[in-house]
1. Within region 74-112, restricting attention to residues that are of a type in the set (Ser, Thr, Tyr) and open to solvent by 100 Å² or more (accessible area, probe 1.4 Å), which residue is modelled with the lowest pLDDT?
2. If I filter region 9-33 down to residues being free of Cβ contacts under 8 Å to residues at least 12 places away in the same chain and open to solvent by 40 Å² or more (accessible area, probe 1.4 Å), which single residue comes out as nearest to the chain's Cα centre (by Cα)?
3. Considering each of Ser37, Ser46, Ser5 in turn, give the residue that is of a type in the set (S, T, N, Q), assigned to a helix (DSSP H, G or I) and under 14 Å from the mean Cα position of the chain (by Cα).
4. Determine whether region 50-63 contains at least one residue that is surrounded by 14 or more Cβ atoms within 10 Å (Cβ to Cβ) and free of Cβ contacts under 8 Å to residues at least 12 places away in the same chain.
5. Residue pairs, Cβ under 6 Å, 6 or more apart or interchain, first in region 77-99 and assigned to a loop (DSSP other than H, G, I, E, B), second open to solvent by 70 Å² or more (accessible area, probe 1.4 Å) and of a type in the set (S, T, N, Q). List them.
6. For region 49-70, give me the residue count where each residue is part of a helix (DSSP H, G or I) and touching a Phe, Trp or Tyr at 6+ places or on another chain (Cβ under 9 Å).
Amino acid sequence: MNNTSNQTLEKVALVFGVVAIGSTMIIPVFCPLFFGSIAIVMAFLSKGYDIRMATHAKIGTALASVAIVLNIALLVGSVMLYLYVPAYKQQINQVYEQMYGEPLEDFGNMEAPATPAEPAGKEFAQ
């Protein structure tokens, strides 16, 4: 690769690293993982055959790594709060019930619909 394409990839890595950090608080889970991964890949691609990575690529990699680690920590923290803090769990259950009209506990209990006592075609058999 030539020097111009390396510089472009460095800038792309830096931009995606900044976007990953910014999206950690706005749109957690998917966006930081997506943009952070792209930033890290672009940073390594910008290196080419050189031994060292350029400064912008290093900064992009660092920002993307921080965004990914922070995002995973927020996700784990939210799950831990739900599992171990009863007041938080109650609040989540209330919001879920207001939104969907059924308790959150029923979400995992998918039961087959009840079968009728008589087969459907029996009234026509006589």
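The values are calculated or read from the model by the stated rules, or taken from the named source; none is laboratory data. Note that the structure is predicted; figures quoted are calculated from it, not measured. Here Cβ is always computed from backbone atoms with ideal geometry, including for glycine, and neighbour counts include all displayed protein chains. Just so you know, the surface numbers come from the protein's heavy atoms only, side chains and all, with ligands and any DNA or RNA stripped out. Shrake-Rupley method; radii C 1.70, N 1.55, O 1.52, S 1.80 Å.
1. Tyr100
2. Per the criteria, the residue is Phe30.
3. Details: Ser46 fails: under 14 Å from the mean Cα position of the chain (by Cα); Ser5 fails: under 14 Å from the mean Cα position of the chain (by Cα).
That would be Ser37, the only listed residue that is of a type in the set (S, T, N, Q), assigned to a helix (DSSP H, G or I) and under 14 Å from the mean Cα position of the chain (by Cα).
4. Among the residues of region 50-63, at least one is surrounded by 14 or more Cβ atoms within 10 Å (Cβ to Cβ) and free of Cβ contacts under 8 Å to residues at least 12 places away in the same chain, which makes the answer yes.
5. none
6. Counting residues in region 49-70 that are part of a helix (DSSP H, G or I) and touching a Phe, Trp or Tyr at 6+ places or on another chain (Cβ under 9 Å) gives 6.
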